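Here the structure comes first, spelled out in structure tokens, and everything after it is commentary.
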Amino acid sequence: MLDATPITLTKTEAWQEHISYGDVVSFRFPVAEAGDDAPLKARPCLILDIEEKKGVRYALLAYGTTSRRKANTGYEIHVRTSFACAAVGLDAPTRFVGARRILVPLSHSGFVIHPGLGAPVLGRLEGDEFERMNEVRARIFAMADIRAERKVWTLRKRTRKFLNTYTVEPRRLSRARPAPQELRQLDLPLPTVAQPKRR
């Protein structure tokens, strides 16, 4: 009898080709408090977006934590219920902090590959958690658009200010000056030579 269990492509060695926003991966997220020499802890991170630049795919990851402290807040997606945790592959309630995010290529060594799967994907958000993630994504992208427009406006303002510091005066075309007196061509009558008188 054939096994009808569906295959999740994100949990195979081809995960880089099928991964998408809403997937949760195991990643060694860099933290300042860990120090330079301390090994980074593998933690669940939420993929907020997938970008492609010059043929290379990048993932925008949101920091995941089980801590309830207020050190990491802003644009949060909470996964609280046991059902939601099981779908995402989490052992405990977790919150993903959209305000603390990082953009990395999918080939980054920080992804922790599960030996039995060949992929770092733990699970995927569903239901209310997925909808909450879409709200967070919309806010992040809106703020990015505002910053981009502000950058263009600032550049235009600086350009206008730069141009206004210089006064461009119209230049009058000068008439051709006459040549010096010694260079002028003189049109004088030829001198007359006196003829000798015949005897």
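Need the full-extension length gain, LYS41 to ALA144, defined as separation in residues times 0.36 nm minus the C-alpha distance. One decimal, nm.
34.2 nm
Using the number of other C-beta atoms within 10 angstrom as an exposure proxy, rank LYS54, LYS41, LYS11 with the fewest first.
Fewest to most other Cβ atoms nearby, the residues stand as LYS54, LYS41, LYS11.
Roughly how many nanometres apart are two label points built 7 Å out from the Cα toward the Cβ at ASN72 and LEU155?
Each label point lies 7 Å from its Cα, and together they span 3.4 nm.
Hey, got the dipole for segment 1-124? About the Cα centre, +1 on K and R Cβ, -1 on D and E Cβ, debye to the nearest 20?
480 debye
Laboratory data are not the source of any read-out in this text; all were calculated from the coordinates shown. Computed from a predicted model, the values in this text were never measured in an experiment. All Cβ positions, glycine included, derive from the backbone under ideal geometry; neighbour counts span all protein chains shown.
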